[in-house]
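The values are calculated or read from the model by the stated rules, or taken from the named source; none is laboratory data. Everything numeric here is computed off the predicted structure, so don't read it as measured data. Ideal geometry is used to build each Cβ from the backbone, glycine not excepted, and the neighbour counts take in all protein chains shown. Side chains are part of the model used for accessible areas, which takes the heavy atoms of the whole protein and leaves out ligands, DNA and RNA. Shrake-Rupley method; radii C 1.70, N 1.55, O 1.52, S 1.80 Å.
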Amino acid sequence: MNYRINRFKVGAILLGLLIPGAYAQTSATWQLDKVVSLSRHGVRPQTDTEKLDKATGLQWPHFIVADGHLTGHGYTGMWQQGQYLLSQWQQQGLAVSNDSCPKPDQYFFWSSPSQRIKATAKAMADGMFPGCGIIPPSVKAEYGPLFELYHLHQMHPDKAVMRQQIMARIGSPEQAKARYQADVERIRKAVCAPGSCKFLDKPWGVSFKATGKPQLKGPGKVGATIGETVRLQYSDNLAIKDVAFGHGVDADAVKSLMGLHAAEYNLVLDTPEFAAHAGSLLMRQILSALTANTPLHSRYPGDARLQRPLVMFFGHDSNIAEIQTMLGFSWSLNGYPSNDIPPGGTLSLARFHNSQSAKEYVRVRFETRSLDQWRKLTPLDKQHPLLYQDFNFKGCEQTEVGTLCPLDAVVQRAAKLLVKDGQQLAVFDTK
């Protein structure tokens, strides 16, 4: 065991010397032996320009790619992020080499079939292993069970419970109107032609799509999309005159237009009943990967590929919201609303072992670029790190590699809301 620790430590130090600005987070006490991550796609345009035009009475700027597709700017940002994350994990001991193309038994990637997400997965794989031509697989269908279970009508929550949980946070329509009135007026002033945006005057509430997924009624329904679109315009480095029609002059101005987008997370996507039924199938794969080669693994069996040192999933912001809610993890990052999940946001569960004992610990971390890091495509390094926050609860401890929590405690929290929806489905089918 001592030989293994020393070898990793020396390798990490050498890597830090070879990579400019690399994170110097080596540790003689803590060694990283497993990473399981879930990333949102990079920057894209709005998914439905015609809908925005109709709602606001204005012609929204077009990006140079089709609605909903990953932009070149988004690809580059995710390429940089892949390189940055792998260099950190390697320095901390992860046994995945990029001196040459990695062996298949070192990693397992899996992506949603959505174009922007497949392209994001490719960008991160290219950043980590340039020139290797790694193409993360996905199902050959419009939707896959891991990331779009509700589209397959395999999510079966109790609608009455969902409604009760959501309405408890919304309150009465009058209470919600008062709470979000300033956000509504900022949207109206920035992106609405005279006489348009009638949705902003409708009462707050909740409805359910045919898939069973909840959605806000009233200002939040389209207002959330507008806030996200303005953020995407700024992040993709569109001319300021095109960012919220000239109102998104800087990162602070963009954040001020994201209040209704934040409401979508806080009032709907972070609902325990929805998260449990939409996210349990994905959570089971995460737990199978995280507990590999530990006594806990027998409780969470899964595909053998999940036992590899590096396991990365690529999905939607809603997927991260589901896993976040099941864990009970909240974050607040500078320049974003609380619990926001920006393009490229990555939730990672990094398993460390202590050289002084056999006990395993986990660092649960959410990290993302700032708005200006996205806009400028700032190189990511020690001087320009990603924004991040670690999960911290009773029993965790602060270390030189971040907040570490006992593996069994993390697993216990993650499993608290598990249900069986989708368990009968073939998860990693590429046929």
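Observations on the model:
- In the set (1) open to solvent by 10 Å² or more (accessible area, probe 1.4 Å); (2) closer than 16 Å to A350 by Cβ; (3) in a helix (DSSP H, G or I), D33 fails one condition alone, (3).
- Test result for N339, polar (S, T, N, Q) and surrounded by 16 or more Cβ atoms within 10 Å (Cβ to Cβ): yes
- Within region 109-121, residues that are touching a residue at least 24 places away in the same chain (Cβ under 8 Å) and β-branched (V, I, T) have Cβ atoms under 9 Å from residues that are open to solvent by 10 Å² or more (accessible area, probe 1.4 Å) and in a helix (DSSP H, G or I) in these pairs: T120/Y75, counting only partners at least 6 apart in sequence or on another chain.
- Number of residues in region 145-164 that are surrounded by fewer than 21 Cβ atoms within 10 Å (Cβ to Cβ) and either closer than 16 Å to T325 by Cα or touching a residue at least 12 places away in the same chain (Cβ under 8 Å) (or both): the value is 9.
- Residues that are surrounded by fewer than 21 Cβ atoms within 10 Å (Cβ to Cβ) and more than 12 Å from A224 (Cα to Cα) were ranked within region 256-275; the one that is farthest from the chain's Cα centre (by Cα) is S256.
- A single member of K177, K202, K213, K221 is of a type in the set (D, E, K, R), touching a residue at least 12 places away in the same chain (Cβ under 8 Å), open to solvent by less than 60 Å² (accessible area, probe 1.4 Å) and farther than 30 Å from L377 by Cβ, and it is K213.
- Cβ-Cβ under 8 Å pairs, at least 6 apart or on other chains, region 230-244 side touching a residue at least 40 places away in the same chain (Cβ under 8 Å) and over 17 Å from M258 (Cα atoms), far side open to solvent by 20 Å² or more (accessible area, probe 1.4 Å) and assigned to a helix (DSSP H, G or I): N237/H73; N237/R375; N237/K376
- From the list L85, L52, L94, the lone residue that is in a helix (DSSP H, G or I) and more than 20 Å from the chain's Cα centre (by Cα) is L52.
- Region 276-322, subset of a type in the set (S, T, Y) and outside any helix (DSSP H, G or I), residue surrounded by the most Cβ atoms within 10 Å (Cβ to Cβ): T291
- Index of the failed condition, A253 passing every other in (1) open to solvent by less than 30 Å² (accessible area, probe 1.4 Å); (2) in contact (Cβ under 8 Å) with a residue 40 or more places away in the chain: (2)
- Test: residue in region 343-351 that is over 25 Å from Y107 (Cα atoms) and crowded, with 23+ Cβ neighbours inside 10 Å: no
- Hits in region 229-244 (condition: on the phi < 0 side of the Ramachandran plot, surrounded by 22 or more Cβ atoms within 10 Å (Cβ to Cβ) and assigned to a helix (DSSP H, G or I)): T229, V230, R231, L232, Q233, Y234, S235, V243
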